[in-house]
1. If you take the C-alpha gyration tensor of segment 3-58, multiply each eigenvalue by 5 and take the square root, what semi-axes do you get, largest first, in whole Å?
2. Given labels modelled 7 Å from the Cα in the Cβ direction, how far is it in nm from D61 to A40?
3. Within segment 25-69, which trypsin sites (Lys or Arg not before Pro) sit in a loop by DSSP and count at most 14 neighbouring Cβ atoms inside 10 Å?
Amino acid sequence: MTARSLALIALLPLALSACLRTDGERALAGAAGGAVIGSATGGSPVTGAVIGGAAGYFCRDLNVPGCRN
């Protein structure tokens, strides 16, 4: 897999979690997306869930476009 593909896969949970209203909703969606992506790419679903959940929870704090309450 190329570095570009890995970067896109790593950012996908953030994009998926950005369309929900609360930090908790975004964290759950990010965790689910991260687990699926981690498993699909041969990585750890748990690690993917942790990274995706953190991305979803903190996306508003990091001023990600589309991630506003």
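1. On the way: eigenvalues 65, 26, 10 Å².
They are 18, 11, 7 Å, listed largest first.
2. With each label placed 7 Å out from Cα toward Cβ, I get 2.8 nm.
3. Working: sites: R26, R60, R68; in loops: R60, R68.
For trypsin sites (Lys or Arg not before Pro) across segment 25-69 that sit outside H, G, I, E and B with at most 14 neighbouring Cβ atoms in 10 Å, the list reads R68.
Here, each number is a calculation from the coordinates, and none is a lab measurement. Model, not experiment: these values are computed from the prediction. Here the Cβ is made from the backbone with ideal geometry for all residues, glycine too, and neighbour counts use every protein chain on show.
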